[in-house]
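Here the structure comes first, spelled out in structure tokens, and everything after it is commentary.
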2 protein chains.
Amino acid sequence: MRLALKEAEKAAAIDEVPVGAVIVQNGKVIARAHNLKEKKMQSTAHAEMLAIQKASRKLNNYYLDDCDLYVTLEPCMMCTGAIVLSRIRTLYYGTADPKGGCTDTLIQVRNIKRLNHHPNVISGVLQPECAEILSSFFREKRKHPKKNRKPVQPA
Amino acid sequence: MRLALKEAEKAAAIDEVPVGAVIVQNGKVIARAHNLKEKKMQSTAHAEMLAIQKASRKLNNYYLDDCDLYVTLEPCMMCTGAIVLSRIRTLYYGTADPKGGCTDTLIQVRNIKRLNHHPNVISGVLQPECAEILSSFFREKRKHPKKNRKPVQPA
């Protein structure tokens, strides 16, 4: 999770919401990523998605069933779904997401029995640090509201 | 939906589970895609994800709030989440997915009130055709079970 926090710091440094993710296989980090929604202009460019895609490329396998994923924030619906599809063994996350978390908060993935995979879920790993990096990012944003404005992109 | 079915046919032709998606803005098709899980070796390469990514690239915008998505099969958890995140206006889907559908079947996305976007959902569009392309694909697969075997990829 320390490495995932480092990834989150990289996101904050480029003005992205600071979430970081790392995938580990046999004790070795095989993928790391951070949120790149703004830079890529893609709503799908969450840290977990990018890490899963990197790991699959590396292993040339869409199933990551001997891999564990560490992410600083509870995954959203999209990322929880991707974790299920890629058959991640254990998901470790830092802090819960009361607005969009779909592992335990808005949805409890373990209770959707008909899904064909259920990752083990360990929450609250380095929770204070994972929460603080987000809080301080948004605190800073509120201080400089102009920086919040997005340029409107014509089609 | 006819165009989404054409995309699904392209998937079937390359031995991918036949699901196709199309995104429309102001009556114009701006993105079309089909499932490429096997070809890309990515569990995340579903038709809807690829179409959303293409549309965002085209519009240089992660919000697709004046766009509608047509997909032959009810979206899974990942794709439903991506539809919410990208703020697709209306989701039209063909046939329900009893195993993994997370728009209406395993989860009812409209009932998760705390999500910050809820697409309009119209289901059952060209349902018989959308179901039949999947049934005939799997019927064919069962006839030739050897073709089902995936090469195991070493890490």
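Brief remarks follow.
- Restricting attention to the range A:108-137 and to residues that are part of a loop (DSSP other than H, G, I, E, B) and under 16 Å from the mean Cα position of the chain (by Cα), the residue that is nearest to B:Met78 (Cα to Cα) turns out to be A:Pro119.
- Condition check for B:His144: at negative phi, loosely packed, with under 14 Cβ neighbours inside 10 Å and not charged (D, E, K, R): yes
- Flag if B:Gln25 is of a type outside the set (A, V, I, L, M, F, W, C), more than 14 Å from the chain's Cα centre (by Cα) and surrounded by fewer than 21 Cβ atoms within 10 Å (Cβ to Cβ): yes
- Among (1) free of Cβ contacts under 8 Å to residues at least 12 places away in the same chain; (2) at the interface with chain B (Cβ under 10 Å from one of its Cβ atoms); (3) surrounded by fewer than 19 Cβ atoms within 10 Å (Cβ to Cβ), the one test that A:Asn61 misses: (3)
- Top-ranked residue in the range A:22-70 [being aliphatic (A, V, I, L, M), touching a His at 6+ places or on another chain (Cβ under 9 Å) and not in a helix (DSSP H, G or I); ranked as farthest from B:His117 (Cα to Cα)]: A:Ala33
- Just one of (1) more than 14 Å from B:Met49 (Cβ to Cβ); (2) buried (at least 20 other Cβ atoms within 10 Å of the Cβ); (3) at the interface with chain A (Cβ under 8 Å from one of its Cβ atoms) fails for B:Ile112. It is (2).
- Of the residues making up the range A:40-50, at least one is within 12 Å of chain B (Cβ to nearest Cβ) and of a type in the set (Lys, Arg).
- Selection count, the range B:1-21, where residues are within 15 Å of the chain's Cα centre (by Cα), outside any helix (DSSP H, G or I) and of a type in the set (Asp, Glu): 1
- In the set (1) in a loop (DSSP other than H, G, I, E, B); (2) more than 9 Å from the chain's Cα centre (by Cα), the condition left unmet by A:Gly81 is number (1).
Values in this text are rule-based calculations from the coordinates and carry no lab data. Given the structure is predicted, the values throughout are model-derived calculations rather than measurements. A quick note on method: Cβ atoms are made from the backbone with ideal geometry, for glycine too, and the neighbour counts reach across all protein chains shown.
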